[in-house]
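The structure under discussion appears below in the form of C-alpha cells.
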Protein chains: 2
Amino acid sequence: MNPKPFFTIEEYRSRLAKTRETMYREGIETLLVTDPANINYLSGYDGWSFYVHQGLIILMDREEPIWFGRMQDSNGAKLTTYLSDDSIRGYQDHYVQSNLRHPMDFVADLLMEFGSEKKRLGVETDNYYFTGQCFKSLYENLPEATIMDANLLVNWVRLIKSPQEIAYMQKAARIVEKVMQTAIDVIDIGVREGEAAGEVVKAQLVGTSEYTGDYTSIMPIMPSGLRTSTAHLSWVDRRYEKGDLVLLELAGNVHRYHAPLSRTLIIGPPPAQLTEVAKGVIDGLNKVLDFIKPGVTGEEVEETWRKAISGTKVVKESRMGYAFGNNYPPDWGEHTVSLRPGDKNVLVPGVTIHVMPGVWLDEFGFECSEPIVVTETGCECFVNFPRQLIVK
Amino acid sequence: MNPKPFFTIEEYRSRLAKTRETMYREGIETLLVTDPANINYLSGYDGWSFYVHQGLIILMDREEPIWFGRMQDSNGAKLTTYLSDDSIRGYQDHYVQSNLRHPMDFVADLLMEFGSEKKRLGVETDNYYFTGQCFKSLYENLPEATIMDANLLVNWVRLIKSPQEIAYMQKAARIVEKVMQTAIDVIDIGVREGEAAGEVVKAQLVGTSEYTGDYTSIMPIMPSGLRTSTAHLSWVDRRYEKGDLVLLELAGNVHRYHAPLSRTLIIGPPPAQLTEVAKGVIDGLNKVLDFIKPGVTGEEVEETWRKAISGTKVVKESRMGYAFGNNYPPDWGEHTVSLRPGDKNVLVPGVTIHVMPGVWLDEFGFECSEPIVVTETGCECFVNFPRQLIVK
C-alpha cells in the first residue's frame with residue numbers, strides 16, 4: 001500500500017553526502033532546501049503540498065534531514081519518505097497563508113532547536129518556493145545567523161544521474177513515445193483542441209501496460225496556427241482546421257523523472273518556408289547530437305548548432321537546450337546547464353539534456369527536440385521517434 | 001484564431017482602477033505584479049511561462065500596465081492580452097536562469113525608464129513567483145526606491161467576482177460535475193489508479209459538448225487506502241482493491257476560473273466508523289451552507305462548523321474553507337479569506353469560497369466539499385452533485 005521511496009537508502013545517503021560536500025566547500029553549515037524536486041531527491045517526499053511552505057533542513061551532524069511542512073501533510077511525509085518520525089515536523093494550520101505568522105517563523109524555531117541560530121545558513125534564493133517573505137522572516141528571526149546564497153546547490157548535485165534515475169527516465173521515455181503518437185493520431189480537421197489535450201494527458205497518466213505515469217511539471221504545450229509563433233501557449237476552444245500547424249511539447253513522467261519531447265505537426269501539405277525551416281532545424285539537431293560527448297561545454301554545443309543553421313532561414317535567439325530530470329511544476333528544467341553562449345559547463349557522462357531547438361518566427365514556429373544522456377563516448381537519445389515534420 | 005482576452009476592456013479597466021485605489025490608500029506609487037493569476041486578471045495574459053520571471057508594472061499615471069517577460073513569450077503577450085505593443089517588453093534569453101544576471105535587473109531598468117526609481121514600490125513578497133533573489137535584485141538596483149509589501153493586494157481586489165467571472169465559474173462547475181462522475185464510473189476493483197487519473201484529467205480538458213476545459217491549478221488529488229490519511233497525495237502504480245477508500249479532490253477550469261469539488265468513494269460496504277464520520281461531516285457542511293450569508297465572518301462560519309461536529313467523531317485541525325477563483329499552479333486558493341479561528345473578514349455578495357471540510361485521521365480520511373458564491377441573502381452552490389459518501 002505504502003509506496004516506499006523509489007531509491008535505496010544507500011542512494012539517498014550518497015546524495016546527502018554529495019550535498020554536504022558542497023556545503024562544506026562553500027562554507028555552509030546548515031542548508032534549507034525548499035525546491036520540491038530537491039526535497040524529493042534527498043528524502044523521497046512526494047505530494048502536491050508545495051503550494052504551502054515546506055522543506056528540509058540539512059545539518060552537518062545529523063544524518064537524516066528534518067522535514068517540515070503543514071501538519072496535515074505530515075502523514076504524507078511518513079508515507080513517502082524514509083525518514084523516522086522524529087525527523088518529521090508539521091506546523092499548525094494557523095501558519096498557513098496568514099498575515100499574522102509565517103511558516104518560516106516556525107522554521108526559524110526549528111533551526112534554533114537544532115542549534116543553527118548562529119550558523120552559516122544556506123537558502124535557495126531564487127527558487128519558486130522560497131519567496132521574498134521567507135528571506136525576510138529568516139533575517140528577522142535569526143539575527144545572528146549568516147544567511148548565504150545556496151541557490152541551485154542541490155540542483156548541481158542532481159546533475160549526474162545514477163543508473164536508477166536513468167532507468168526511470170527510460171520508462172518515462174516509453175510513455176512520451178506513446179503520448180506523442182496519441183497526439184498525432186488524435187489531431188485532425190474538426191477535432192476540438194481540448195479533446196486532443198485530454199487524450200494527451202490521459203496517455204501521460206495511463207502510461208504503458210506495465211506501469212503508470214505521473215503528472216508532468218508542465219502541462220501540454222500545444223498551440224496551433226498563429227499561436228505557434230510563441231513558446232508557451234496551450235490549447236484553446238476551437239476545432240483544428242485544414243492547414244493548421246501544431247507545436248507539440250509533451251513529456252512522460254515516472255516517479256517525478258521526465259522525458260520531454262517536441263515535434264511539429266501540420267494538417268495538410270506544408271508551405272515551402274516551413275519545409276525549409278524544418279530541414280534546417282533537423283539538420284542542425286543531428287549535427288548537435290553527433291557533436292555531444294564528454295568534455296565539450298554548453299557553449300560549444302550551441303556554437304555547433306549556430307554554425308549548422310547559418311545560411312539557412314532558421315533564426316534562434318534563445319538557448320537550444322537545458323538539463324532536465326526530476327521535477328515538479330512549474331518547470332522540468334533543472335536550471336543548471338544551458339546550451340547557450342557563455343555556458344562553460346563541461347558535459348560528463350550521466351548528464352541529461354533536453355536538446356530543444358525550437359524556433360518561433362513572426363508567423364509560425366517549429367520544434368523538434370531530443371532528450372539525451374551523455375555517455376562515455378557521445379550521447380544517447382532516450383526516445384525513439386521519427387525526427388521529422390509530421391504531415392497529416 | 002487569436003483568442004482575445006476573455007473580459008471586456010471595461011472590466012479590465014475597472015480592475016485596474018480598484019487596484020490603483022488600494023495602491024493609493026496604502027501609499028504605493030508603483031506596483032510590481034508577479035502572481036500569474038494577478039497578471040492574467042489585470043491584462044489577460046495567459047501562458048505556461050511563469051516558470052521564468054515575468055510580471056506587470058502598474059503605474060499611477062499610465063493606463064496600460066507594462067508586461068515584462070522572456071522575449072520568446074512576447075508574442076504570447078500580444079496574442080492573449082489587450083495591451084498595445086509598446087506595453088510589452090521582452091528580455092533577452094541571457095537573463096534566463098543565469099547566475100550572471102537576473103530578470104529583475106531588467107525590471108529595475110524598466111522601472112527607471114518609467115520614472116519609478118525613487119518611488120514607493122509595492123511587491124508581492126510572499127508569492128511563489130517573487131523569490132528572495134527578486135527582492136535582493138530590486139534592493140540593489142533601486143537603492144532610492146522604497147520597497148513596500150504589497151502581498152495579496154491584487155488578490156483582495158479579486159475577492160468579489162463579477163457576473164462574467166461567476167459565469168465562467170459556472171461553466172467550470174458543469175465540467176467538474178462530469179469529472180467527478182467520470183472518477184466514480186471508472187474507479188473499480190482491478191482498475192489501475194493511473195487509468196482513473198487519466199480519465200479524470202481527460203474529462204477536465206475535453207469539457208462539455210459546448211466548450212473546452214483548461215488545466216486546473218492542482219492535479220487530481222486522489223489517494224487511496226492508507227494514503228487517504230493525509231491531504232495531498234495523488235495516484236500510485238497499483239490497482240484498486242475491494243474495500244479501498246478513495247479521496248477525490250478535483251476541479252474544472254474555464255479561462256483559468258476554477259470549480260473545485262471533493263467527494264469520497266469506497267469500493268464495497270463502508271465500515272461503521274466511516275459512515276459515522278461521513279454523516280458528521282455532511283451534517284456539519286449542511287449547517288455551514290445554511291449559515292453563510294452576507295455579514296458573517298470567516299471565523300463565525302468556522303465556529304458554526306465546530307459546534308456542528310462537537311460530540312461527533314469528526315476531528316478537524318485545519319481550516320475548513322478558503323476563497324478561490326482564477327488561478328495558476330500550484331494552487332487554486334486565493335490566499336485571502338480562510339474559514340478558521342481569527343479570520344475577521346466579512347463575507348459579502350460575490351465572494352466565492354470552497355467550503356472544504358476534509359478530515360484526515362490516522363487510518364483514513366473523508367472529504368465532502370462545496371464551492372459556493374455568497375449571494376444577497378445567503379449562498380448558492382456552484383455544483384449540483386449528491387452530497388454523500390459514494391459507495392460502489
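Odds and ends about this structure:
- Every helix of 4 or more DSSP H residues in the protein assembly as shown counts as -39500 (n - 2.57), and over all residues that averages to -10500 deg cm²/dmol at 222 nm.
- Across the identical copies, the 7 Å label point of B:T208, projected outward along Cα→Cβ, sits 4.0 nm from its counterparts, in ascending order.
- Candidate lysines - alpha carbon under 24 Å from A:K171, same-chain residues fewer than 8 apart omitted: A:K4, A:K161, A:K202, A:K293, B:K202
- Trypsin sites (Lys or Arg not before Pro) restricted to region A:112-206 and DSSP loop, no more than 15 other C-beta within 10 Å: A:K118
- Spatial offset of region A:68-137 relative to region A:316-392 amounts to 34 Å, using the alpha carbon center of each.
- Here the Karplus curve 6.51 cos²θ - 1.76 cosθ + 1.60, taken at θ = phi - 60°, turns the phi angles of region B:212-226 into couplings of 8, x, 9, 5, 8, 6, 10, 5, x, 8, 8, x, 10, x, 4 Hz, with x standing for Gly and Pro.
- Anchor B:K392: lysines whose Cα lies under 20 Å away (excluding residues fewer than 8 positions away in-chain): B:K178, B:K242, B:K279
- Antiparallel beta bridges, as assigned by DSSP with both residues in chain A, represent about 75 percent of the total such bridges.
- Volume of the convex hull of the protein assembly as shown (Cα atoms only), normalised per residue: 144 Å³.
- Ignoring aspartates and glutamates fewer than eight residues from B:K119 along the same chain, the ones with Cα atoms less than 16 angstrom from its Cα are B:E26, B:E29, B:D61, B:D109, B:E140, B:E144, B:D149.
- Amide H contacts under 5 Å for A:W332: none, restricted to partners 5 or more places along the chain or on a different chain, H placed in the peptide plane at 1.01 Å from N.
- Annotation: peptides B:307-315, A:339-347, ranked by per-residue average of other Cβ atoms within 10 Å with the highest first, follow the order A:339-347, B:307-315.
- Between the helical axis of B:272-291 and the longest alpha-carbon principal axis of chain B there is an angle of about 50 degrees.
- Dipole of region A:163-391 computed with +1 at Lys/Arg Cβ and -1 at Asp/Glu Cβ about the Cα centre; of A:T375, A:T216, A:F364, farthest Cα towards the positive end is A:F364.
- Residues in region B:235-247 carry Karplus couplings, in order, of 7, 10, 8, 8, 9, 5, 10, 4, x, 5, 9, 10, 7 Hz; the curve used is 6.51 cos²θ - 1.76 cosθ + 1.60 with θ = phi - 60°, and Gly or Pro positions show x.
- Our summary gives chain B a relative contact order of 14 percent, counting only alpha carbon pairs under 8 angstrom and 6 or more residues apart.
- Bridges between two residues of region B:50-169, per DSSP, are antiparallel at a rate of about 25%.
- Simple spin-label estimate for B:V186 and B:E144 gives 5.9 nm between the two label positions (7 Å along the Cα-to-Cβ direction from each Cα).
- Nearest-ten-degree value, helix A:103-113 long axis tilted from longest Cα axis of chain A: 50 degrees
- In this structure, the amide hydrogen of B:G252, modeled 1.01 Å from its nitrogen in the peptide plane, lies closer than 5 angstrom to those of B:V176, B:A259, counting only residues at least 5 positions away or on a different chain.
- Among beta bridges identified by DSSP and lying wholly in region A:163-391, the antiparallel ones come to about 95 percent.
- Whole-Hz couplings from phi, Karplus 6.51/-1.76/1.60, listed for region A:169-178; x for Gly and Pro: 5, 5, 5, 4, 5, 4, 5, 5, 4, 5
- Plainly put, the tip 7 Å out from Cα toward Cβ on A:T312 is 6.4 nm from that tip on each other copy, the closest given first.
- Cα centre as origin, Lys/Arg/Asp/Glu Cβ charges: the protein assembly as shown dipole, Debye: 840 debye
- A simple spin-label model places the labels of B:V346 and A:I282 6.7 nm from each other, with each point 7 Å out along Cα-to-Cβ.
- For region A:9-157: Kirkwood Rh in Å [reciprocal of mean 1/r, alpha carbons]: 15.1 Å
- P(r) histogram, all alpha-carbon pairs of region A:228-272 included - 10 Å bins from 0, percent: 22, 45, 25, 8, 0
- Fraction in percent of alpha-carbon pairs per bin - 10 Å, region B:163-391: 8, 35, 37, 17, 2
- Inter-copy separations for A:T375, label at 7 Å along Cα-Cβ, nm, ascending: 6.7
- Mean separation of Cα pairs under 8 Å and 6 or more residues apart, divided by the residue count, gives region A:9-157 a relative contact order of 25 percent.
- Peptide B:40-48 has a mean shielding of 3, counted as Cβ atoms of other protein chains within 10 Å of each residue's Cβ.
Quick note: the coordinates plus some simple rules give every number you see, no bench work behind them. Computed from a prediction, not measured in an experiment: that's the story for all the values here. Heads up, the Cβs are rebuilt from the backbone with ideal geometry, glycines too, and the neighbour counts pull from every protein chain shown.
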